[in-house]
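Working notes, structure below.
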Amino acid sequence: MNRARGLLAALAATALLAGCTSGSDATITPKTVKYTEPPLPAQAVTIPTDAPVAPERDALCGDPTASLRPTGAGASAHGPTIDAIRARGRLVVGLDTGSNLFSFRDPVSGSIVGFDADIAREVARDLFGSPDQIEYRSLGSAERETALQNHSVDLVAKTMTINCDRRQRVTFSTVYLQSYQRVLAVKNSGIRTLADLAGKRVCIVSGTTSLDQMRRSQPAATILTVPTWADCLVVLQQRQVDAVSTDDAVLAGLATQDSSYTELVGPSISSEPYGIGIPKGNDDLVRFVNGTLERIRNDGTWVRLYQQYLTTLGPVPAPPAATYQD
Ligand code: GLU
């Protein structure tokens, strides 16, 4: 107690002295504000600019978006994979549970909704007669292929680009959404084109086409990889990076979560056609899913879902046309 009183007295004396010396000739030193740097998200990794980058492989397989012709969707369709899913009683779908517009938890109902989630529900509707016979497994972008390869999900509905490289390991449905890689930056940042990203820090999720594309097209950017696109929005807001780059559709979801602070900039960097990912060998399921996609392109469901979730991208386009390999 006595020590505390002594300390207070000493502090008061110092304050008095400070007051005495603050005459007109006193030098005013600007205060440096100190604050704790916010931590980076778990598993954030900075990629050295000289690390090797995967070459573009899309010339190697013809048209990677050509898929298997549907044999019809609905109760009459049979095959080893779809019969096993029906016997189990639910469709197991891998997706990102925190992807605004595509697959996110509706704050009121608590259910997972969004363009991807609702398309998966249409597959469940055709399989079971009910869209609710579905179970979601949360996946990061880098986990999509493995989840399909080890059959821990029946399909992946997660803004997944169809390309030749991925088709070596998994199968895809026909295209259900056409998107384009672009850049998200803080408003008035001065970043407008890819050239402006030289020497800047860009956040990209690992295991994505966006990462390889950016490393090829702007090798002078320093890239921070994180597990989810929501992590990228946070590090942009915390000014730990200058920009985020991925598909316009995914960026539009982030931009609507922070519309007063962020904006999409610059032209498209690449074409990113989305397909439903399916394990290799499950051709009956590929044809079944393509049947559902054919139905929703024709019965107005696709347009309704676009209107419900994606009009922030612009007016509703026509659904992407299907291309078949057989
Ligand atoms: N479409 C890109 C990809 O498939 C990025 C989207 C995502 O990570 O979900 O890798």
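The values are calculated or read from the model by the stated rules, or taken from the named source; none is laboratory data. Note that this is a predicted model, so its numbers are computed, not measured. Here the Cβ positions follow ideal geometry from the backbone for every residue, glycine too, while neighbour counts run over all protein chains shown.
Listing for the model above:
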read-out: Matching residues in region 119-140 - criterion: being touching a Gly at 6+ places or on another chain (Cβ under 8 Å), buried (at least 21 other Cβ atoms within 10 Å of the Cβ) and free of Cβ contacts under 8 Å to residues at least 60 places away in the same chain; value: Leu139
read-out: Pair list, Cβ < 6 Å and 6+ apart or interchain, from region 68-88 residues that are under 19 Å from Ser130 (Cβ atoms) to residues that are at pLDDT 95 or above and aromatic (Phe, Trp, Tyr); value: Ala73/Phe288; Ala77/Phe288; Ile82/Phe288
read-out: Residue in region 160-172 that is touching a residue at least 60 places away in the same chain (Cβ under 8 Å), under 16 Å from Leu264 (Cβ atoms), in contact with an Asp or Glu (Cβ under 7 Å, 6 or more places away or on another chain) and among the β-branched types (Val, Ile, Thr) present; value: no
read-out: Test: residue in region 70-90 that is farther than 14 Å from Phe288 by Cβ, within 16 Å of the ligand (Cβ to nearest atom), surrounded by fewer than 16 Cβ atoms within 10 Å (Cβ to Cβ) and modelled with pLDDT of 95 or more; value: no
read-out: Test result for Glu143, within 11 Å of the ligand (Cβ to nearest atom) and either crowded, with 17+ Cβ neighbours inside 10 Å or in a strand (DSSP E or B) (or both); value: yes
read-out: Odd one out for Tyr176 among (1) within 16 Å of the ligand (Cβ to nearest atom); (2) out of contact with any Leu (no Cβ under 6 Å at 6 or more places or on another chain); value: (2)
read-out: Any hit, region 152-169, residues being away from the ligand (no atom under 13 Å from the Cβ), modelled with pLDDT of 95 or more, of a type in the set (Asp, Glu) and touching a helix residue (DSSP H, G or I) at 6+ places or on another chain (Cβ under 8 Å); value: yes
read-out: Restricting region 202-225 to residues that are within 12 Å of the ligand (Cβ to nearest atom) and farther than 17 Å from Asp248 by Cβ, the residue that is modelled with the lowest pLDDT; value: Asp212
read-out: Condition check for Ser189: within 18 Å of Phe102 (Cα to Cα), away from the ligand (no atom under 16 Å from the Cβ) and part of a loop (DSSP other than H, G, I, E, B); value: no
read-out: Within region 237-274, tally of residues that are on the phi < 0 side of the Ramachandran plot, away from the ligand (no atom under 16 Å from the Cβ) and of a type outside the set (Phe, Trp, Tyr); value: 13
read-out: Test: residue in region 126-135 that is within 15 Å of the ligand (Cβ to nearest atom), in a strand (DSSP E or B) and not β-branched (Val, Ile, Thr); value: no
read-out: Selection count, region 99-112, where residues are in contact with a strand residue (DSSP E or B) (Cβ under 7 Å, 6 or more places away or on another chain) and crowded, with 17+ Cβ neighbours inside 10 Å; value: 3
read-out: Any chance Gly199 is more than 11 Å from the ligand (Cβ to nearest atom), at positive phi and surrounded by fewer than 21 Cβ atoms within 10 Å (Cβ to Cβ); value: yes
read-out: So Asp63, is it of a type in the set (D, E, K, R), in contact (Cβ under 8 Å) with a residue 40 or more places away in the chain and within 16 Å of the ligand (Cβ to nearest atom); value: no
read-out: Members of region 180-195 that are among the small types (Gly, Ala, Ser) and surrounded by fewer than 20 Cβ atoms within 10 Å (Cβ to Cβ); value: Ser189, Gly190, Ala195
read-out: Qualifying residues in region 275-289 (those that are of a type outside the set (D, E, K, R) and more than 16 Å from the ligand (Cβ to nearest atom)) - the one surrounded by the fewest Cβ atoms within 10 Å (Cβ to Cβ); value: Gly281
